[in-house]
Amino acid sequence: MRKLSKRQGGKWAAKAYKKLLQQHCHQDWWPADSRFEVMVGAILTQNTAWTNVEKAINNLKASNYLFADVIADAKHESIAELIRPSGYFNVKSNRLKKFCEWYVEKGEYPRLRYWSTAKLRQELIGIYGVGHETADDILLYAFNRPVFVIDSYTRRIFSRLGVIVGTEPYDELRVLFESQLPNKQKLFGEYHALVVRHGKHVCKPKPNCKNCGLDSICKFNDKHA
DNA sequence: ACCCAGGGTCATA
DNA sequence: TATGACCATGGG
């Protein structure tokens, strides 16, 4: 597949978004009752099916543990037992506590809401257990910042479309997508949800398809690449 | 039985 | 920079 020129390669992200919206209904992410629940879910869902995360979050709620100060002060074993269904429970218990300690220390949302996106991202990445994607999930869905989240689905779908290689560094891809789209939080939030939906149900790991289900994007590439 | 899931860290080269 | 091991449950 030939590389797209700058002039021709500037709008495939917007075009793919329209196709995704045609093919799937509005996703309206992130499913949660509060900002803090989004943050907890972002950590618990690392390499884990969301159905398992729901069980863990329900356990935390049922035990009145879904508060940053509570988790920060709780015993490791208590958290681990409650989040067991989400897998990696020893690792995630530690990560959850580290995040909550930071969150409480910084004054939680009422104070953090005034931080710049760049500063928040830098701080989040610095927390043990919070990587690029988890940080951007939190920025996008908990802090409502216009951030394009890159995940394994994004790499799979768009590498099969031939517009990226798929192994590029995280921030390189994030900036690439952001540069092609209006800088709107609602757009980025819906886009990532659609990518996940498409990756789960259409563009699977061992696919029968070659174009990932977004055929018109492939036509676009064949025509202009 | 095998593969996958809404990743990240650490050691190693 | 770039692989590989490791973490662990639950559904298809």
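No value in this document is a laboratory result; all are computed from the given coordinates. The model shown is predicted, which means the values in this text are computed figures rather than measured ones. All Cβ positions, even for glycine, are placed from backbone atoms using ideal geometry, and neighbour counts span all protein chains on display.
Can you tell me the order of A:58-70, A:134-146 when each peptide is scored by its average per-residue count of other Cβ atoms within 10 angstrom, highest first?
Details: A:58-70: 15.4, A:134-146: 21.8.
Ranked by mean Cβ neighbours within 10 Å, highest first: A:134-146, A:58-70.
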When only Cα pairs under 8 Å and 6 or more residues apart are kept, what is the percent relative contact order across chain A? 27
Dipole magnitude (debye, nearest 20) for segment A:10-121, charges at Cβ of Lys, Arg, Asp, Glu: 720
What number comes out for the charge environment of A:G129, summing +1 per Lys or Arg and -1 per Asp or Glu over other residues with Cβ under 10 Å away? +4
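Among A:H24, A:H192, A:H201, rank each residue by its count of other Cβ atoms within 10 Å, from fewest to most, as a rough exposure measure.
A:H201, A:H24, A:H192
For A:H26, A:H132, A:H76, what ranking results if the residue with the fewest other Cβ atoms within 10 Å of its Cβ goes first? It would help to have the intermediate numbers written out before the result.
Working: A:H26 9, A:H132 18, A:H76 13.
Listed from fewest to most nearby Cβ atoms, that is A:H26, A:H76, A:H132.
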Residue-by-residue Karplus 3J(HN,Hα) for segment A:191-206, coefficients 6.51, -1.76, 1.60, Hz, glycine and proline x: 4, 4, 4, 5, 4, 5, 4, 5, x, 6, 9, 10, 8, 8, x, 10
Calculate log10 I(q)/I(0) of segment A:35-142 for q = 0.12, 0.15, 0.18, 0.20 Å⁻¹, where I(q) comes from the Debye formula with a single equal point scatterer on each Cα and nothing for solvent. -0.35, -0.55, -0.81, -1.01
Could you work out, for chain A, what percent of all Cα-Cα pairs fall into each 10 Å distance bin, beginning at 0 Å and stopping at the bin that holds the largest distance? 8, 32, 32, 19, 8, 1
Would you mind calculating the relative contact order of segment A:35-142 from Cα pairs under 8 angstrom and at least 6 residues apart, reporting the percent as a whole number? 33
Can you tell me the order of A:33-44, A:179-190 when each peptide is scored by its average per-residue count of other Cβ atoms within 10 angstrom, highest first? A:33-44, A:179-190
For a footprinting-style exposure proxy, rank A:C203, A:C100 by other Cβ within 10 Å, fewest first. A:C203, A:C100
How much length is gained on full extension from A:Y114 to A:N183, taking 0.36 nm per residue of separation minus their Cα-Cα distance? 23.0 nm
In degrees, nearest ten, helix A:117-126 long axis to first principal axis of chain A (Cα): 60
